[in-house]
Amino acid sequence: MLAILPLVFADLRFALRQLRKSPGFAFTAILTLALGIGTTTATYSLIDGVLLKPLPLPHPEQLVAAYTDETRPGQPPDHGGTSYPNYLDWRDRNRSFSQIAAFDGDSRLISRANGMDGDVLPICRVTANYFDTLGAMPILGRNFTTDDDQAGHHVVILSYGLWERLFASDRNILGVTILVSDQPFTIVGVMPKGFIEPRGNDQAELWTSFGPLLEGSAPRGKERDHGFTEIVGRLKPGITQQQARADLVTIQSSLAQTYPEDRYLTSVFVQSKLADITGDTRPALLMLMAAVLAVLLIVCTNVAGLMLTRTMKRRGEIALRAALGASSWRIWRQLFMESLVLGLSGGAIGIVLAYALLHTALPFVPDDIPRISEVAINGRVLAFTAAISILCAILSSIVPAWKLSRVSPIESLREQSHSTTGRRSYSFQHTLVIAQTALGFALLLASGLLIRGFVNVRHAKTGFQPDHLLRFLTPLTNARYPDQKKALFYKEYLPKLASIPGVRSASAGYPTPMEGAYRSAPVEIDGRPNPPDNQLFTFIGEAEPGYFETLGVPLLQGRSFAEADNDPKAPFVALVNEAFVKKYFPGQNPIGRHIRPDLTQLRNQSNDLDPTIHNDREIIGVLADFQQFSVIDPPQPMAIFPYSQASMLMRPAVVLRVTGDPMQYEKQVQAAVSGIDPTLFLLEPETMEMRLSLSSSTQRFETLLISAFASIALFLCGLGLYATLAAMVASRTREIGLRMAIGADRKDVAALILTRAIRLVVSGLAIGSLIALVATRSLSATDWWRPLLFGVSWFDPQTYFAILLVLCAISIAACLLPTWRAMRVDPMRVLRDE
C-alpha cells in the first residue's frame, strides 16, 4: 500500500501541472461539475432529512403505525382512526407488540393559571404508555401512569421549548397548574430538549392524558364507533409488519362480529412509522431526485465531452508516452487523476453551493412537508457528495481512455503531424451531445407541463371572491363560553366589526373555502331510502347570517339565512350546495324538503350530547358550489346550518370584506374583541388570497425546483453543443480552408457547421420526445402526479412546441460563435501552413 503512494502523488502533481496549462478548460469543467454536484447535494440533503434519516428514537425500525380499515360494500377500503375502546382491545390481546399506544393531536388555548400569556398551541392527548412506546422519558418529573388514563385526572407534560418560554426553565414547576382551554391541569413532567415526535412537523407543545375524554354524560373515549385516535406500536424483536398486521386483523375481525358499531371495521393497515409520516411526499421528492440526477448526467456528459476534446488534442503526447513503454493502465490512471482533481474541486465548490441553496430555499419550503426541520448537510450527505464527485471523475475519464485505447500510437502520431484529430475522433462526442439534448428536452417538457398545471391552478375558479377578505379565529373555550354563550358572543361581536370604517360586511362560519377541514355526517333525506349498509353522507357547515354574502358565494335558489333563523328556538333550517342537489335531488326542487343529519360525532370537543343533533331541518336555499379542499378536488355535497342552531359543532371563522388591504384592519379588529373580553385575541389572521396561495404552495415549490433544474439542463445543453461545434471547427480548420480555396464560399462553410448542429439537435429532440411522452403518460395515471397536471393533457401540443422553440433558440445561439469562426478561416493561411 505504501509503495503505491509515491505513484499517486506523482500522478497528482502531473495532473495539476496539466490543468494549470489549460486554465480555461479547468475553470469550465470545475464550474460545470460544481453546478451539478451542488444541486444534487442540496436535493439529496432534502431527501435524506425527510425520507432516509431514521427517526430520532431508539430502534426506530420497530415503530409502526396501525389504522383501522373501513370496508363498506361496493367501496374501497378507507384507512381511518381507531376508537379508544378498540385500542384497548388491541393493546390487551395482541402478541406482536412490546408496546402499543394511542394519541390524538389537537390545538388548544394554553395559559397560566391566571389566564395570562395565553396562546393556541398544538397539543397531543396520549395514553400512559405513549412515551414508553417511543423510548423517550421526561428529563424533569415523571411519565404518565395508568391512573392518569382514568376520568378525573388532569395532568400534562410540557415540551422543553414551552417550559423555557412560559416558565423560564424553572425546575420548581412540578405540581404547578396551567390552563388548557381554561380548564386546570397539573404539570407532572418536562420532555428533553430536541425530543421529536414521529408525527412530521405537527409537534406538540404539551401532552395530556386520555382521562378528560372519559368524563361527561357521553364521553367520546367510550364510543366504539368514534375512531379519533391514531395508533403507534413497537414491534417485538423478530416480528415483521406482516405478522403484526395479521395479528391485529384477527383481533379486529373478532370485534366486528361482537359489536354492531364495528361491523364494517374488519381489517387493519400497518406500515412503518417513517413511511406513515412521509408517505404523501415520497413520490414528489423522488421525482425531484430523478430530475436532479438527469441534470447530473448531463453534467457528466458535458465534462466527458470537454475531456475527450482536450485528450484528443493531446494524442501526440500520449502516443509518444505509449511508444516509450507506458501501459494503457498507466495512461488511464493519469487521465483519471486529472478527472479526480476536477471532480473533487467541483465537489468542494458544490458543497458550498448546496449550503447556499438550502439556506435560500428552506424558508420557502411548504410547512406540510414533514421533517423539514431535520434537513441539513450532515456526514451522510457529505459522504454522498464525495461518492458523486468520484463517480463523475470516473465517468468523465473512462470515455477518453477508452477512445485512446482503440487508436494505435503510429496512427496518432501520423494524424498529429497533420495537425488534425480526425473526424471520427468526435463521433462519441456527438453521441454525448445527443444524449444531453434528449435528457434536457425531456426535463424541459416535464417542467413546462408542471408550469401549465400550476398556472391552471392559480387561475381556476374558486366559487367565491377572495379579494379584500380578512379571515381569523377567536379562541372561545368551552369552559368560559358554552355553546349558547358562543352564539351570544358573535351576535355582539359581528355588529362591532361591521361598524369599523372600511368594513363592508362581517360574518362568521365554518368552514371557510379552501380550508380542507370539512367534517361529514350521516344524513336521512325525505323520499330517499337510507339502508344501514349504504348510509347517505354529507359535509356539514355552520354560518351566521350574511356569511356567504360576505364570501361572495352566489345564492342560486330560495333564500339565505336571516336573523330570525339564527335562533335555537326558531324552526330548524339548512342551506345546501349544488353538489348536494345534483346527488340527492337530481332534476327536483329541493326547497321545502327535509333532511335529518346525525351530528353525534361532530360536537365541538364536548363530552355531553346536545338534544338538537338529530333535529329535522328544512332546506330553504341552494348555494353555488365553491371549492372546499382545493381547486383540484370537485365540490362535495354539503349542508349548512345557522350557527345558533349548530353551535355544538366546530369553531367558526370570522370573515370581513373590506376596502383596501385586509391586514391593515388587524389592530382595529383586535380592539373590538378586547372590548368584549380582554383575554381574547385574533388567531391565525390572514387574507383569503394568502389562503389560496398556501393551498398551492407545495405545487409551486415542486414546479419551481423542477423548472430550476430544467433551466440548468438547458444551459448545459447549449454549452455542450457549443463545445462540440467549437472543437469540430478547430479540428477541421485545414479541411475548411481547403474547401474555401477550391471554391466554397462562406455560406457553404456555415451550412457545413449548421447541418452538423441540426443533425445533433434533431436526433436529441426525437429521443427526448419519446422519453418525455412515455414518462408523462405513465406518470399522469398516478394519484400524486395528476394534481400537478391539473387541466393539462399528458401530451399538450402548446407546451410541447413552446419547449421545442426554446431549445431550438438555445441551440441556434450555441451555433453562432463556432459558425462565425469557421466563416472567418483564411484559406491562404491554411495553404501556407501546409
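Below are the figures for this structure:
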| quantity | calculated |
| --- | --- |
| Pairs, first farther than 10 Å from Leu248 by Cβ and part of a strand (DSSP E or B) in the range 84-104, second acidic (Asp, Glu) and open to solvent by 60 Å² or more (accessible area, probe 1.4 Å), C-beta under 6 Å, six or more apart | Gln99/Asp132; Phe103/Glu230 |
| Candidates Ala781, Ala751, Ala775 - the one that is out of contact with any Ser or Thr (no Cβ under 6 Å at 6 or more places or on another chain), among the aliphatic types (A, V, I, L, M), modelled with pLDDT under 75 and surrounded by fewer than 20 Cβ atoms within 10 Å (Cβ to Cβ) | Ala781 |
| Given (1) surrounded by 15 or more Cβ atoms within 10 Å (Cβ to Cβ); (2) within 22 Å of the chain's Cα centre (by Cα), number of the condition Trp90 does not satisfy | (2) |
| Matching entry among Val365, Val268, Val303 (being open to solvent by less than 10 Å² (accessible area, probe 1.4 Å), modelled with pLDDT under 85 and among the β-branched types (Val, Ile, Thr)) | Val303 |
| Condition check for Asp48: over 29 Å from the mean Cα position of the chain (by Cα) and outside any strand (DSSP E or B) | no |
| Residue within the range 121-132 that is without any contact (Cβ under 8 Å) to a residue 60 or more places away in the chain and small (Gly, Ala, Ser) present | no |
| In the range 48-68, the residues that are open to solvent by 10 Å² or more (accessible area, probe 1.4 Å) and not hydroxyl-bearing (Ser, Thr, Tyr) | Leu52, Lys53, Pro54, Leu55, Pro56, Leu57, Pro58, His59, Pro60, Glu61, Gln62 |
| Condition broken by Glu544, with the remaining ones in (1) in contact (Cβ under 8 Å) with a residue 40 or more places away in the chain; (2) over 30 Å from Leu469 (Cα atoms) satisfied | (2) |
| Hits in the range 94-125 - residues which are among the aliphatic types (A, V, I, L, M) and touching a helix residue (DSSP H, G or I) at 6+ places or on another chain (Cβ under 9 Å) | Ile100, Ala101, Ala102, Ile110, Leu121 |
| Residues of the range 167-214 satisfying the condition of being of a type in the set (Gly, Ala, Ser) and either open to solvent by 40 Å² or more (accessible area, probe 1.4 Å) or at pLDDT 95 or above (or both) | Ala168, Ser169, Gly175, Gly189, Gly194 |
| All positions within the range 227-268 that are under 15 Å from Gly81 (Cα atoms) and of a type in the set (Ser, Thr, Tyr) | Thr229, Tyr264, Thr266, Ser267 |
| Hey, Gln670 under 24 Å from Ala479 (Cβ atoms), modelled with pLDDT of 90 or more and open to solvent by 10 Å² or more (accessible area, probe 1.4 Å) or not | yes |
| Selection count where residues are touching a strand residue (DSSP E or B) at 6+ places or on another chain (Cβ under 7 Å), under 16 Å from Ser507 (Cβ atoms) and surrounded by fewer than 14 Cβ atoms within 10 Å (Cβ to Cβ), scope the range 560-582 | 0 |
| Odd one out for Arg125, checked against (1) assigned to a strand (DSSP E or B); (2) touching a Gly at 6+ places or on another chain (Cβ under 7 Å) | (2) |
| Within the range 368-392, considering residues that are open to solvent by 50 Å² or more (accessible area, probe 1.4 Å) and among the hydrophobic types (A, V, I, L, M, F, W, C), the one farthest from Phe336 (Cα to Cα) | Leu382 |
| Sole residue being at pLDDT 90 or above and open to solvent by 10 Å² or more (accessible area, probe 1.4 Å), chosen from Asp677, Asp661 | Asp661 |
| Filter pass, Ala323 being more than 28 Å from the chain's Cα centre (by Cα) and at pLDDT below 80 | yes |
| Positions within the range 680-694 being polar (S, T, N, Q) and either under 21 Å from Gly546 (Cα atoms) or crowded, with 21+ Cβ neighbours inside 10 Å (or both), in sequence order | Thr687 |
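Residue-wise test of (1) touching a residue at least 12 places away in the same chain (Cβ under 8 Å); (2) closer than 30 Å to Met116 by Cα; (3) touching a strand residue (DSSP E or B) at 6+ places or on another chain (Cβ under 8 Å).
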{"position": "Gln627", "(1), (2), (3)": "yes, no, no"}
{"position": "Thr659", "(1), (2), (3)": "yes, no, yes"}
{"position": "Phe681", "(1), (2), (3)": "yes, yes, no"}
{"position": "Thr698", "(1), (2), (3)": "yes, no, no"}
{"position": "Glu702", "(1), (2), (3)": "yes, no, no"}
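The values are calculated or read from the model by the stated rules, or taken from the named source; none is laboratory data. Small disclaimer: the values here were computed from a predicted structure and weren't measured. Reconstructed Cβ throughout: ideal geometry from the backbone, glycine too, with neighbour counts over all protein chains shown. The protein model used for the area step is the full one, side chains on, heavy atoms only, and it has no ligands, DNA or RNA in it. Shrake-Rupley method; radii C 1.70, N 1.55, O 1.52, S 1.80 Å.
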